[in-house]
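Student: Submitted below is the structure of interest, expressed as structure tokens.
Nothing in this text is a laboratory measurement; each read-out follows from the coordinates by a stated rule. For clarity, every value in this text was computed on a predicted model and none was experimentally measured. We place every Cβ from the backbone using ideal geometry, glycine too, and count neighbours over all the protein chains shown.
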Amino acid sequence: MSTRSIAVALLSALSTLAAFACGDNDTTQPPGSSPDAAAQPDEPDAAPPALTCEESTLAASLAELPDVASVAETDCGDYVVGPARCFAIEMTQPTDHANAASPTFLQHLFLVHRGCDRPTLVADWGYSNEYFWDFELSLLYQTNDLWIEHRYQGESVPDTADWDWTQLTIENGAGDMHQVIAAFRPLYQGRWVSTGASKGGITATYHKYFFPDDVDGAIPYVAPASRARIDPAYQDYLAENLPAGCAGRLRDVQVAALTTRRTMMLRRLTDIVGPGAEAEWLEQLTESFDWSFWQYWGQSYCNQVPRSSASNAEFWQFFHDFSYLGWGASPSSNPMGSDGALYYEWLTEQGFALQTNSAVAPLLEQPSALATMEDNFRAMFPAVALPEYDGAVTAAVRSWVRDEAEDVLLIYGQYDPWSGGAMAAPAMTSSARYFVPAATHGAQISALAEEERTAALAIATGFFGVAPVDAQRSAAARAGATYRDLLERKQLYEMAIPLRLRLGRTAR
């Protein structure tokens, strides 16, 4: 039996044992008694009526789903395209899916409903969530969308007294998604397809590994599977795959900012952050500047990278515009449920990327730039025991995708630095992997070359059981770009917030 099969069987067995351990489910008789002697109710309880998806009773039916704590129909906002109904839902989840007696928390769900007969697209995006939105796939296939806020993120956090860092595991995250799907499937009985991008993409992959029968297919976008707590293989990927001219100029910009242009850069930063912190800010902003450029901006902006002849004003303007200085992030109101939870997941099981290149690393001197993610976590949460890194699940998932995974469609960006953690091309014929040419972390199926795009959509159509709507192609591409912008802004905020927390300052 494979490692995945053993894990799934064990989880199922634990769930069964937990169910029988509850007093209400105990049907055994005391020693020496007979069934006739057992107390019998006057009348058997009537079975609850089967739920059906009907527009007129949808809100009431949603409220009747297992573990749903609240349902509120609300305006869909700016990022949902076309007619739809939107529901903010809270669902009760255990902190530990292997222990029915563990404390619970309310997980926030965002449902975009298009029709009872439509397929359902489901995703745990790996981060907090604040919006209803459409995605490339949701418009192409006119799906219902069920977006899940990740455990210990945003509002989906346990009470402080019930906070248990050790339950922030890959398997429990997959268990959350499984429980959501199990609750909603009786209502939405069409096809189910999972997706996600970036951390949400690897979350969808983990879920498919642990619960392969939950969905009819999985389409993870830009899903990195790191191989170490801080994985150096990402830098190898960049060295081998980026366009050499632009990549070289970017590294020259980083080196110049820390050497020949340093005095000018410090003067400019002093005007923004005030005297005393400018050197730390310079190194923090510069250490992974090229990584951010390739993740968020990409080849189409290479003509803006300054050459050595650029004036100081031109050099500074480029640096300012392509760093996160102007994003205005402010410290999180709940660092446990933002930076802390993310750091913990990356440091314990999921791993992260080495983002500082070999030309810049020797030039860093400031403590905040030299500090590792582990150092920062321990400084933020000194009382929390941080386990050693254990990459066993991610390693098993990488092997499973390569050798066994059915009905998985992987989409990556060619120049996205996170593609250094790309999983291998699947061997099974129902699965596939595609790299979008020259794409960033916002890679979309619509940007594939025609032959590959046709092949990828044929696989996706098999998952959804309906054909893509040709009239929605342009809107789908725009929706994908909008979501990419939302994701990038969130990730830029996540990058900027730890900097401000570590330095104890807010940029003016």
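Student: Using the Karplus equation 6.51 cos²θ - 1.76 cosθ + 1.60 (θ = phi - 60°), what ³J(HN,Hα) coupling, rounded to whole Hz, does each residue of the range 295-304 give in order, writing x for Gly and Pro?
Tutor: 6, 9, 10, x, 4, 5, 9, 4, 5, 9
Student: Would you tally the net charge around Ala427, using a Cβ to Cβ cut-off of less than 10 Å, leaving Ala427 out, and scoring K and R as +1, D and E as -1?
Tutor: Residues close to Ala427 contribute a combined charge of -1.
Student: So, one more: As a footprinting exposure proxy, order Val466, Val71 by other Cβ within 10 Å, with the fewest listed first.
Tutor: Starting with the residue having the fewest Cβ neighbours, the order is Val466, Val71.
Student: Where does the charge balance sit around Thr348 when Lys and Arg score +1, Asp and Glu -1, over other residues with C-beta under 9 Å from its C-beta?
Tutor: Net charge around Thr348: -3.
Student: How would you rank 228-240, 410-422, highest first, on the average number of other Cβ atoms within 10 Å across their residues?
Tutor: Ranked by mean Cβ neighbours within 10 Å, highest first: 410-422, 228-240.
Student: Could you tell me whether the range 341-383 comes out rounded, prolate or oblate from its Cα gyration tensor? Rule is a ≥ b ≥ c as square roots of the eigenvalues, rounded for a/c under 1.5, then prolate if a/b exceeds b/c, otherwise oblate.
Tutor: Cα axes put the range 341-383 in the oblate bin.
Student: Would you please give the residues with an amide H less than 5 Å from that of Ala223, counting only those at least 5 places away or on a separate chain, with H modeled from the backbone geometry?
Tutor: Amide H to amide H, under 5 Å and 5 or more residues apart or across chains, Ala223 pairs with Ser198, Ile411.
Student: Now, a different point. Within a Cβ distance under 14 Å of Ser308, other residues only, what is the Lys/Arg minus Asp/Glu net charge?
Tutor: Its environment carries a net charge of +2.
Student: Let me ask you something else. Skipping prolines and chain starts, which residues have an amide H placed within reach, meaning under 5 Å, of the one on Val122, given they are 5 or more residues away or on another chain?
Tutor: Leu146, Val193, Ser194, Thr195
Student: With θ taken as phi - 60° and the coefficients 6.51, -1.76 and 1.60, list the Karplus ³J(HN,Hα) couplings across the range 205-215 in order, rounded to whole Hz; mark glycine and proline as x.
Tutor: 5, 4, 4, 5, 5, 6, 10, x, 9, 5, 10
Student: Then there is this: Scan around Phe435 for amide H atoms under 5 Å from its own, H built in the peptide plane at 1.01 Å from N, and keep only partners 5 or more places away or cross-chain.
Tutor: Tyr412
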